[in-house]
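The values are calculated or read from the model by the stated rules, or taken from the named source; none is laboratory data. All values derive from a computational prediction rather than experimental measurement. Cβ sites come from the backbone with ideal geometry, for glycine too, and all protein chains shown count toward neighbours.
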Amino acid sequence: MRKSIRRLALASTAFFALATGAMAQQTVVWWDFLAGGDGVRMKALIDGFNKEHDGQIKIEGTTLEWGTPFYTKLQTSSAIGEGPDIATYHLSRIPLAVSSGTLSPITDEELAAVGLADDQFTPAAAEAAKVDGTRYAVPFDQHGLILYYNKAMLAEAGYIGDDGLPKGLDGMENFEAALAKFTHDDQVGLSMPTGDRYRAVYSFFGQQGGTMFDADAGGFFPTDEDLAKLTTATATMARWVEKGWTPKQIESPAALATFTSGKAAFFIMGNWEVPTMTDLKAKGELFDWGAVQLPVLFDKSAAWSDSHSFVIPANAGKEADPAKRAAVLQVIKWMDEHSISWAGAGHIPAFNAVRESAEFKALKPQSDYAGFAATAVFDPRTVLAGPAAPLGDAWTNYIVPATSGEIDPAEAATQMRDDLNGQL
């Protein structure tokens, strides 16, 4: 307790000094993995922060390769005290990072010093930022699986309501009837990359209330009921493939093109494709489109989700600098407060004040699917989870082939469970 009070006092002193200009400019070394449209938007945010804090705090940003290269470099650099002052991180990988000692805890007192608290963020993201009750990240967004749709196709078939949004799609019978109705000639009901089907399967597993991981109850898919729910979710996608309602094998570019060329009524993909649709529409190269939450096909609303967040590397052996840490927390607060521009990339701001603002509510289609933030299904809290981690390999090795008819869904579910439990 005494250490926490002293750290808060030091941080408060540092904040006061920064605010009054009594200290020299702080340089904050920043690493991220953001490319494409995300990278452009983040660079603009960094430039905006630097301009506003000229002479006080300067962010020196570096973008590294997404996935394993980024996480490996951050872990090894932090282990020898050569990591950055701040980095972007997927919340799904927090347990693995904590197990390797890569991240520094962020206390309630430190957040309070900059006017932040857990209740200012979506509950799902705030919880996913912690391991065993200790916070290791501050959420920035939630991103997840959504349903894109061709407005003209749906309107002609009577699937658009008075509010201009899709209707009549909830319930397995209803949604499958829609898929069948829109599948004819060279057109399919649904386009979705084969390799990304696992996200839909996990969403459907979540809609059934399944538990993927419980360390105290046997590990992955701890009960026969959980395994049955995974089998059902996998068999659902396999049935859509077998019926011809969605292509059996299709890569991401082709899946996107199938939808944007008007050959699919629906497109299931992450919200990161929103900028692609927006840009094509602005150039007059796309029909009227929209995006909403996934339909509820089972018991409740749920969709695969993850979150970009900010973390502070532990940097072993490096002497703590309260003024530097205070500057980092100022950066985090500013980024969350200005995340409306990040929402332009399709992401849902995790910061409640931005997500609930009139400006965000006017942003379409983002505000039409923002509800998934409250029903998000994150990866389970295990060191095997997250991007470029063993859980992803298991989805790819067992469940994705099962959706294409290469493995029986029940057998695939069992093999996935046994493989993952064998790695614990």
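What the table shows:
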| item | result |
| --- | --- |
| Those residues of the range 131-153 which are farther than 30 Å from MET277 by Cα, of a type outside the set (Gly, Ala, Ser) and in contact (Cβ under 8 Å) with a residue 12 or more places away in the chain, in sequence order | VAL131, THR134, ARG135, TYR136 |
| Hits in the range 337-351 (condition: surrounded by fewer than 23 Cβ atoms within 10 Å (Cβ to Cβ) and within 11 Å of LEU116 (Cα to Cα)) | GLU337 |
| Residue within the range 322-335 that is assigned to a loop (DSSP other than H, G, I, E, B) and not β-branched (Val, Ile, Thr) present | no |
| Filter pass, ALA326 being surrounded by 18 or more Cβ atoms within 10 Å (Cβ to Cβ) and in contact (Cβ under 8 Å) with a residue 40 or more places away in the chain | yes |
| Condition met for ALA316 (surrounded by fewer than 18 Cβ atoms within 10 Å (Cβ to Cβ), touching a residue at least 24 places away in the same chain (Cβ under 8 Å) and more than 30 Å from PHE175 (Cβ to Cβ)) | yes |
| Selection from the range 1-33 of residues that are at pLDDT 95 or above and farther than 15 Å from VAL328 by Cβ | PHE33 |
| Selection from the range 57-83 of residues that are touching a residue at least 40 places away in the same chain (Cβ under 8 Å), in contact with a Gly (Cβ under 9 Å, 6 or more places away or on another chain), under 22 Å from ALA327 (Cα atoms) and not aliphatic (A, V, I, L, M) | SER77, SER78, GLY81 |
| Set PRO295, PRO275: member being touching a Gly at 6+ places or on another chain (Cβ under 6 Å) and either closer than 19 Å to LYS151 by Cα or not assigned by TED's automatic domain parsing to the domain that holds GLY158 (or both) | PRO275 |
| Looking only at the range 352-378, and only at residues there that are among the aliphatic types (A, V, I, L, M) and outside any helix (DSSP H, G or I), the one that is surrounded by the fewest Cβ atoms within 10 Å (Cβ to Cβ) | ALA362 |
| Tabulated pairs, the range 24-46, first of a type in the set (Ser, Thr, Tyr), second not in a helix (DSSP H, G or I), C-beta under 6 angstrom, 6+ apart or interchain | THR27/LYS58; THR27/GLU60 |
| Single unsatisfied condition, MET153 versus (1) among the hydrophobic types (A, V, I, L, M, F, W, C); (2) in the same structural domain as ALA264 (by TED's automatic domain parsing); (3) loosely packed, with under 14 Cβ neighbours inside 10 Å | (3) |
| Condition check for ILE250: within 25 Å of the chain's Cα centre (by Cα) and assigned to a loop (DSSP other than H, G, I, E, B) | yes |
